[in-house]
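Following: one structure in structure tokens, then a few remarks.
Please treat every number below as a calculation from the coordinates, not as lab data. Remember, it's a predicted structure, so these values are computed and weren't measured experimentally. Because the Cβ atoms are built from the backbone with ideal geometry, glycine has one as well, and the counts that use them run over all protein chains shown.
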Amino acid sequence: MKQLKKGDVGIDVTKLQKALSIKGYTLSVDGHFGDATDAAVRKFQSKFNLSVDGIVGNATWIKLLDSTKAGEAFSDIVKEYYPLNVGNFVESNITHKGITLHHTVSAGSAKAVVNTWNGDNRGAVGTHFVIGGISLDGNNTFDGDIIQCIPLGDMAYHLLTTRTGMTSGHNESANKLYIGIEIVSFGCLTKDVDGKFRTMDGTSRVVPASMVEVLTDDWRTYKYWHKYSDKQVDAVVALIVELNNLLLLNIGNNPYNKIDTMFDLSWDALWFRKTLTTHSSFEHGKFDSYPCEKLIFKLKEAFPCLV
């Protein structure tokens, strides 16, 4: 979102005033950043231990639009705020600098993924967002649903850069700086001699051929992948655009963000230069997210400067 200060006018000021009103501050929603708006901003900044300067920058926008209330998502594009339990994420006050894409090794409901995280004993492991897909039986009830389960500004662990030889301190920084987005997908698949595609999660479930993407060239030794649906791709790109605008990530103009290296282990990711990454950017032994043709096309469409 745009940085705002006293004297500014326009639709961004209106959004600011609406957000402050939702938080309980009394002011007119008129698109003019005047004395009342300035006072409300300063009270809000003081409450959340931010710099009390009346300037609405990254840190103030994040706290203002985060999911601090049950059922409140950061944006209208999110279908539902469905929270991780206390202890399954880390309450923080972080200004994120990038996005990392993952996939879940499952199909269908995004909320089912959050339920699994809430029911395991791994601690604060998860991502901010999960994007639902089509079940293997063809049920598309959850397809493209964006579920938020961690407030922006807080964190959970979704990377393990120590497996790439980095320090525990580096791993802590990586998880703080990058927002995780999980796409519901089984990932890489095998193909039987009878032509059936099967999952590699230990259950060997059959994936319909219509849900399989066959890569022209193997990626990390695999050719067959549980394809991201059209609605999933659209949801992923819309979410990235929304986060990019809110957090000023500069995805489209960052020279380190390159589509041709987005899915490979990258020093530019490990040194936090990239602002759009995948799990495989940080760890060689990971297979998410794969180079989905439609996802690449849609990202280039949204950010023409990506090459």
**Study point:** Among the listed pairs 47/258; 97/286; 47/286; 47/79; 176/223; 196/231, those beyond 31 Å (Cα-Cα)
**Key:** 47/258; 47/286; 176/223
Exercise for review: Using only alpha carbon pairs under 8 Å that are at least six residues apart, calculate the relative contact order of region 11-65 and give it in whole percent.
Suggested key: 29
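Residue 26 to residue 241: FRET efficiency via 1/(1 + (r/R0)^6), r the Cβ-Cβ distance, R0 35 Å, to the nearest 0.05?
Here the calculated transfer efficiency is 0.60.
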Review point. What are the ³J(HN,Hα) values, in whole Hz, obtained from phi via the Karplus relation 6.51 cos²θ - 1.76 cosθ + 1.60 with θ = phi - 60°, for each residue of region 264-280 in sequence order, with x given for Gly and Pro?
Key: 10, 4, 9, 5, 5, 6, 5, 9, 6, 7, 6, 10, 10, 9, 10, 4, 5
Point to revise | Degrees, to the nearest 10: 230-247 long Cα axis against longest axis of the chain | key: 30
Review point. Which value, in debye to the nearest 20, gives the size of the charge dipole of the chain about its Cα centre, when Lys and Arg are +1 and Asp and Glu are -1 at the Cβ?
Key: 440
Review point. Mean residue ellipticity at 222 nm from the helices of the chain, using -39,500 (n - 2.57) per DSSP H segment of n ≥ 4 over the full residue count, to the nearest 500 deg cm²/dmol?
Key: -8500 deg cm²/dmol
Study note, to complete from the structure: Counting sequence-distant residues (5 or more places) and residues on other chains, those with an amide H built under 5 Å from that of residue 54 are none
Check your understanding: Given (1) 1.02; (2) 1.00; (3) 1.76 as candidate values of Rg/Rh (Cα atoms, Kirkwood Rh), which corresponds to the one derived from the coordinates?
Key -> (2)
Review point. Taking the simple approach of a point 7 Å from Cα along Cα-to-Cβ for both residue 234 and residue 267, what is their distance in nm?
Key: 4.1
Revision key, fill the gap. Along region 2-8, Karplus-curve 3J(HN,Hα) (6.51, -1.76, 1.60; θ = phi - 60°) to the nearest Hz, with x for Gly and Pro, reads 6, 5, 10, 8, 4, x, 6
Review point. In region 42-158, how does Rg compare with the Kirkwood Rh, expressed as the Rg/Rh ratio over alpha carbon atoms?
Key: 1.02
**Study point:** Share of alpha-carbon pairs per 10 Å distance bin for region 134-229, given as whole %
**Key:** 14, 32, 31, 21, 3
Review point. Label residue 120 and residue 168 with points 7 Å out from Cα along Cα→Cβ: what is the distance between them in nm?
Key: 2.1
Check your understanding: Which ³J(HN,Hα) values, rounded to whole Hz and listed in residue order, are derived for region 167-173 from phi using the Karplus coefficients 6.51, -1.76 and 1.60 in 6.51 cos²θ - 1.76 cosθ + 1.60 with θ = phi - 60°, glycine and proline given as x?
Key -> 7, 5, x, 4, 4, 4, 5
Check your understanding: Given labels modelled 7 Å from the Cα in the Cβ direction, how far is it in nm from residue 220 to residue 86?
Key -> 3.6
Check your understanding: How much of the calculated P(r) for region 11-65 lies past 16 Å, in percent of all Cα pairs?
Key -> 29
